[in-house]
Amino acid sequence: MKEEAFQSNEHNNAHSDTAGPLIRHEISHEDHPLSLGKASVWHQYFEHTEIAEQIDRDLQRTHPEMKFFSGESSFGRKHRESMRNVLLLFSKLNPAIRYVQGMNEVLAPLYYVFSTDTDEKNASNAEADSFSCFVLLLSDSVDHFCQQLDNSSVGILSTLSRLSDLLKANDEELWRHLEFTSKVKPQYYGFRWITLLLTQEFNLQSILRIWDSLISSPFGIQEMLLRVCCAMLLCVKSRLLSGDFAANLKLLQHYPEINIEHLLQVAQDLTPDTSYYRMSS
């Protein structure tokens, strides 16, 4: 009798749990969907979603002239998905920087090289290999993406100043014309050149050749990058000297086709900016 009563009571409790009103659980302020606190799981979710959407938009614009990256083919979608994973993971692991528009352009050459490896086993690891190299490549210039460091010795403004000094050391006439006559400051063109490692200035095959020189240079990636940027100015010197602000800005923001081997040779032969080395020592 007692056993039957106990079973009946259990049945009634189970029924009341499902049929009655739901029990209201208290949630912390931080976990409220409308909470603006940065520690809120909802804030983090919405932030992650926003970053993912930005990455998706940027990947759609990555080398649209190449079927490898664009289009709705299965392999095009696969490549974008792999690159998306790399950029999202980088964003997660670097909360102070997260994802910055343009990082997709820096990743693209790396992913392309690994994905097109003739060794299928190597190609199958393109996503992981690309992530590893992407982190290493940006480790030398990641401070350029951090706005809080813009005015520091490791920020982008300091690097642009070094570019200006390098040009002055190698061609003071051109430096004076850009700085004082046409007033085309390095910020107007060099910011994109440096932060995106020239990926917006040349086609992919040219970028691969330039990056070979950057990565293998005994000067280091950033130093060689500044040399290439300075060489880009020297190679269009006559056009710059004859141009005003508008003409020179258009020229440098839409850099013309050039013999890449000649450009790299000019960069290699530049006189270093010795003032930087004196300050560093």
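The values are calculated or read from the model by the stated rules, or taken from the named source; none is laboratory data. Remember, predicted model here, so these are calculated numbers, not experimental data. Don't worry about glycine lacking a Cβ; one is built from the backbone with ideal geometry, like all the others, and counts go over all protein chains shown.
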Quick check on segment 206-263: of everything there that is in contact (Cβ under 8 Å) with a residue 60 or more places away in the chain and of a type in the set (S, T, N, Q), which residue is farthest from Thr195 (Cα to Cα)?
Asn248
Here is a check on your reading of the model: is Phe219 aromatic (Phe, Trp, Tyr), over 23 Å from Tyr112 (Cα atoms) and surrounded by 15 or more Cβ atoms within 10 Å (Cβ to Cβ)?
yes
I'd like to know if segment 175-194 contains one or more residues that are farther than 26 Å from Thr271 by Cα, of a type outside the set (Phe, Trp, Tyr), at pLDDT 95 or above and more than 16 Å from the chain's Cα centre (by Cα).
no
Can you work out which of the residues in segment 129-169 that are crowded, with 16+ Cβ neighbours inside 10 Å, closer than 18 Å to Asn104 by Cβ and hydroxyl-bearing (Ser, Thr, Tyr) is modelled with the lowest pLDDT?
Ser141
